[in-house]
Every structure is written in structure tokens, then in C-alpha cells.
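Report on one structure; see the data block that follows.
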Amino acid sequence: MKEDRDLEKIFRLDETRRLMFPGELFEEEINTVRDVGRWNKLSHPAIMKTMDWEAWGPYGFMGLHRDEAEENWKMWYTCAGVDGHPGKYAFGMMHSEDGLNWTKHDKPINLFSDIQPGSVVIRPGLGLDEHRIFLMQYARKSGSLPGRAILAKSKDGIDFVPVTDSWDTSWFKGPSDVISLMWDEGSDIFRAYFKQWRICGTTAEGNKIDYLFSSIDSFSHDEGRHIYMISGHAMWPIDAYVGLEMLYSEDGDMKFEEPDKYPLGKDLFMHRVVASASSPDFIEWQYHGPALMPAPGRIADQFYGMSAIKYENQYIGFPLMYNGLTGLMETGLAYSYNGTEYFLLTEKPLISLGAPGSWEGGMVAGFGDVLQVDDRLSLYFGATGRVHGSPHSVEDTYTIGRTWNRLDGFCALTGGTVITRPVILKNGKLHINAEGIINIKIDDPDGYTLTDFEWGGNRMDLAICHPQLHSGVPYKIEFTVKEGALYSFWSGDTCTSRQ
């Protein structure tokens with residue numbers, strides 16, 4: 001029995017490139033330092049307004065995906081400012097053979113009316129004659145309905161129809177705006193991530209609560225009793241319309257994003273978080289509740305939504321890091337083991353704002369898939385010089401930018417030591433992606449050190465082959481970053497170099 005339990009602790013390392021996120025693969029970490037990698041923005045926008053119907057410009061997009069059926073890349077994007085109205089949108093689609101040079105569809109996509117930005121995803125493996133492109137679009141509530149997400153499908157990504165018999169039944173209750181979709185190929189399900197309001201604190205009756213709301217209908221303030229009255233549609237941990245009387249304390253250093261709105265106090269806290277849901281068929285959805293939440297008590301740190309991708313069987317999220325005091329928005333980096341619960345890697349943004357007043361000085365919002373071009377990664381982001389919450393101006397510009405990084409450059413171990421749990425190397429060969437000076441130590445099951453050496457250089461794929469490394473035998477690997485960065489490690493069939 002003990003031998004069986006020991007075997008369960010052994011990890012079989014294969015060709016999947018393991019990024020340097022914290023995780024169960026590591027048995028011990030000593031003085032580790034992690035960074036979000038070295039992303040380099042282009043100094044100018046990659047995609048700008050070229051047609052009148054694009055209003056204020058393509059400031060954000062709803063999906064970037066590889067379409068294997070047509071062997072090209074497709075991007076769906078959002079343009080605000082139709083007829084000069086900030087809440088009226090047009091939606092477009094463009095395609096590219098290489099993911100770098102784009103051709104726009106000359107007319108906007110016609111979608112369900114009265115909608116806000118949403119997300120588009122392609123389900124692979126379906127033929128061109130099937131509805132393989134799916135859309136989740138937030139619609140304002142109508143009548144007694146809470147906020148809802150309209151669900152649609154398309155063969156070509158231009159003409160969309162409801163996923164059920166009619167638009168009246170083709171919707172999912174719960175998501176707020178800033179929706180993002182992904183197709184989780186390993187799990188064969190759709191995943192949706194969306195912004196929601198979190199309210200937590202103490203009620204007037206003295207009960208501790210923590211709710212996520214799909215919509216907030218009323219919000220008022222009784223200054224004499226130190227109470228806020230809040231009502232709306234709660235989605236987690238219950239699905240019901242609720243009315244709350246929430247206490248706050250003056251000695252809690254009350255702060256406001258806007259006068260009499262969104263308070264932070266000793267007994268009451270409101271901020272934006274990311275919630276998630278999943279579906280096997282894009283019709284029936286399971287709501288999972290919070291996926292990523294900032295620390296309580298920090299009104300400046302909020303998440304305005306999050307897109308997510310699957311990279312080498314690892315979940316990577318790009319949360320929109322919103323400062324509730326300044327209105328500035330940057331793109332961060334989060335990771336997950338299961339696709340439903342995410343962790344922010346660092347408070348440092350992955351994509352930072354430009355200088356105030358520049359084309360990317362107010363918001364940089366990364367969405368969609370990541371392109372691999374040779375040994376580089378490319379990520380697109382929506383950008384504007386306007387600060388969120390500030391008055392709109394006819395001089396506002398909205399564009400899409402692009403940033404570059406090296407292969408596996410999402411997470412870099414830039415200092416310290418990590419020691420793996422016992423791992424079995426495929427054919428006894430270890431590969432790393434690293435730059436700088438890295439010390440590598442490999443021990444056998446008895447604790448005997450087979451190799452312990454210092455390597456220096458810059459290699460996307462360094463194969464470490466040793467005559468005493470064999471397949472089927474568990475080893476512990478110790479990496480110490482003395483200078484530079486370690487990006488990933490894996491095991492493969494080839495051995496192109498020797499140490």
C-alpha cells in the first residue's frame with residue numbers, strides 16, 4: 001500500500017511545457033521570485049479605425065482565435081460611440097492568414113439589439129457547414145428579467161442566430177458585461193468569465209454576508225443610521241432577488257469611487273470581481289461563482305473582467321486590473337489549475353499603460369488568444385487614452401495594440417530555488433527554456449546527485465542529457481536562478497545538446 005501511495009506522488013513529465021507558476025509540481029520553494037515576463041508593446045497601434053461605421057474606433061475586441069476549418073485567424077471587435085452615444089456599439093470581424101496583417105469585413109455584424117460587448121469563440125472540429133462559432137453577448141435587462149447573456153451561433157462569424165429556437169429563450173441569466181469565452185478542449189466544455197459586483201460586510205441584523213450580484217437595482221444611504229440600502233439580483237451563493245441593509249462605520253475610513261456610491265468601510269465593501277460559468281453544449285450553463293477576487297478592503301484594486309486561454313494544458317487569465325480611485329485599467333496575469341478558480345500571479349501588470357494622454361494612456365485591455373510566430377508570442381489588446389469614468393470627448397480615440405514576448409514568456413522565475421516532486425522524464429531527457437545563469441541539480445530516488453552544474457546562455461530549447469538519466473525512473477530536479485530567468489521545463493524525445 002505504501003508503494004502505491006508513493007507512486008501517486010510521482011509526476012510523469014512529458015512534452016507539455018511546464019510554466020513556472022506555483023503549483024503541485026514543486027515540492028519546495030526557497031526565496032523564489034516570479035515575474036510576468038518581458039512583454040514589449042509596439043510603439044503605435046496595430047489596428048485603427050478605417051471605416052465610418054467604426055464610430056470612435058475598435059477600442060476592444062471580443063475574440064481572437066485560430067479557425068482551423070478555414071486555416072486563418074479571426075478577430076471580432078467592438079466599436080463604441082455609434083451616433084455619438086457611448087453606450088451604443090457596432091461590432092466587426094476581420095481575418096488574417098498570419099495573425100499580423102488583417103482584412104476587415106466591410107460591414108458591421110448584425111446582432112441582437114440593445115446589447116453590450118461580449119465574446120466570440122470557435123469550437124474546433126466542426127465543418128464549415130455547421131454552426132461552429134459561438135457568441136455570448138450581454139443584454140440590458142428587459143421587464144422583470146435581470147441582466148442576461150444572449151447566446152448565439154454562426155457558420156461564418158458574421159451572421160448569427162440564436163442557439164435555441166428564438167432569441168426569447170436563448171439566454172443565460174447571471175453574467176454582467178465584459179464577458180469572455182474560451183473553449184476548453186481538454187475538458188470538452190465552454191467556459192465563460194464575466195464581471196460582477198461583490199458586496200460583503202455586516203447587515204443591520206448583524207449577519208455576515210458575501211454576495212455576487214448580476215445587477216444592482218437600487219442603492220441609497222441613510223447617513224443618520226450609518227446604513228446603506230442595497231437591492232438587486234444576487235447570483236452567488238444564492239440565486240434570488242435580495243434587499244440588504246448594510247452597516248458602515250465612520251471610523252472605517254469611508255472612501256468613495258463616486259459620491260454616495262460603491263463604498264469601502266469597516267463593515268461594508270463593494271468591488272468588481274470575475275465570476276465564471278461552464279457549459280457542455282452552450283445552452284445549459286452551470287454557474288461557478290467567483291473565479292478571481294481582489295483582497296478585501298482595497299477599493300483601488302478591482303477586476304473589470306478577464307479573458308482566459310489554455311496554453312500547454314495550463315489555464316492563463318488576463319484580468320483587467322481596474323483602479324477604482326483613478327479609473328485607470330491595465331492587464332494582469334492570473335493562473336488556474338481547474339479553470340474555475342484563478343490566482344493573481346503578481347500585482348505588476350502584464351501590459352502597462354502608456355504615458356498620460358497617449359493612445360494607450362487610459363486603458364490597455366488584453367483579450368483573445370495568443371499567437372505564436374516562430375519563437376515569439378504576440379498578444380493583442382484594446383487601448384484608449386481616455387480614463388474610464390471620465391467624460392467622453394469627440395477627440396477620444398480607440399485602437400487595438402500588440403505586444404510581443406518570447407516563447408513561454410508568461411511567467412518567469414527570476415530568482416530563488418524550486419525543487420520538483422519526483423518526476424519521470426520521458427526517455428530520460430530534460431529540456432529547459434531559460435536565459436542567464438541557472439544551476440541545475442538532479443537527484444536519483446536514493447538522494448544521490450547524478451549531476452549538478454551551472455549553465456549560462458539564452459536558449460529556447462536546451463536539452464540536458466546524462467548517461468545515468470533513464471525513462472521510468474523518478475528524479476528530483478532542483479533549479480536555482482542566479483541571474484536571468486527560467487521560463488519552462490519539460491521532457492521530450494530529442495537530445496540536441498549535452499551537459
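The values are calculated or read from the model by the stated rules, or taken from the named source; none is laboratory data. Small disclaimer: the values here were computed from a predicted structure and weren't measured. Note: ideal-geometry Cβ built from the backbone for every residue, glycine included; neighbour counts use all protein chains shown.
Of all residues in the range 86-135, which are closer than 23 Å to D184 by Cα, touching a residue at least 60 places away in the same chain (Cβ under 8 Å) and part of a loop (DSSP other than H, G, I, E, B)? Selection gives G99, P117, G118, R123, P124, R132.
Screening V33 on (1) more than 18 Å from Q137 (Cβ to Cβ); (2) surrounded by 14 or more Cβ atoms within 10 Å (Cβ to Cβ); (3) in contact with a Gly (Cβ under 6 Å, 6 or more places away or on another chain); (4) of a type outside the set (D, E) shows it passes everything except condition (2).
Select from the range 10-30 the residues that are assigned to a loop (DSSP other than H, G, I, E, B) and of a type in the set (D, E, K, R) and write down the one among them that is surrounded by the most Cβ atoms within 10 Å (Cβ to Cβ). Only one residue tops the list, namely R17. None of R12, R17 is assigned by TED's automatic domain parsing to the domain that holds I432, over 25 Å from P124 (Cβ atoms) and in contact with a strand residue (DSSP E or B) (Cβ under 8 Å, 6 or more places away or on another chain) except R12. The single condition among (1) under 23 Å from the mean Cα position of the chain (by Cα); (2) at pLDDT 85 or above; (3) of a type in the set (A, V, I, L, M, F, W, C) that A139 does not satisfy is (2). What residue, among those in the range 234-287 that are modelled with pLDDT under 75 and part of a strand (DSSP E or B), is surrounded by the most Cβ atoms within 10 Å (Cβ to Cβ)? Per the criteria, the residue is L264. Looking across the range 36-54 at every residue that is among the small types (G, A, S) and at pLDDT 90 or above, the one that is surrounded by the fewest Cβ atoms within 10 Å (Cβ to Cβ) is identified as S43. Residue by residue through the range 156-194, note down the ones that are of a type in the set (K, R) and modelled with pLDDT under 90. Scanning the range 156-194 gives a single hit, K173. Just wondering, is there one or more residues in the range 63-70 that are crowded, with 18+ Cβ neighbours inside 10 Å and charged (D, E, K, R)? No - not one qualifying residue is present in the range 63-70.
Within the option set S214, S187, being touching a residue at least 60 places away in the same chain (Cβ under 8 Å), closer than 30 Å to Q314 by Cα, surrounded by fewer than 21 Cβ atoms within 10 Å (Cβ to Cβ) and hydroxyl-bearing (S, T, Y) holds for one residue only, S187. For Y335, the conditions (1) over 15 Å from W404 (Cα atoms); (2) touching a Lys or Arg at 6+ places or on another chain (Cβ under 7 Å) are fulfilled apart from (2). For G447, the criteria (1) crowded, with 19+ Cβ neighbours inside 10 Å; (2) outside any strand (DSSP E or B) hold in every case but one, which is (1). Checking the condition aromatic (F, W, Y) and part of a loop (DSSP other than H, G, I, E, B), which residue from W56, W73 passes? Answer to the check: W56. Among the residues of the range 174-209, the ones that are in a strand (DSSP E or B) and touching a Ser or Thr at 6+ places or on another chain (Cβ under 7 Å) come to 12 in all.
Applying the criterion of being out of contact with any Ser or Thr (no Cβ under 8 Å at 6 or more places or on another chain) and not polar (S, T, N, Q) to the residues of the range 220-233, the residue that is surrounded by the most Cβ atoms within 10 Å (Cβ to Cβ) is I227. Screening D83 with (1) in a loop (DSSP other than H, G, I, E, B); (2) farther than 30 Å from R421 by Cα gives one miss only, at (1). Criterion first (in contact with a strand residue (DSSP E or B) (Cβ under 7 Å, 6 or more places away or on another chain), at pLDDT below 95 and not in a strand (DSSP E or B)) does L462 satisfy it? No, not satisfied. Residues that are out of contact with any Ser or Thr (no Cβ under 7 Å at 6 or more places or on another chain) and not in a loop (DSSP other than H, G, I, E, B) do not occur anywhere in the range 33-42.
Residues considered: G472, G436, G456. Of these, the only one that is modelled with pLDDT under 95 and either in a strand (DSSP E or B) or not assigned by TED's automatic domain parsing to the domain that holds V373 (or both) is G472.
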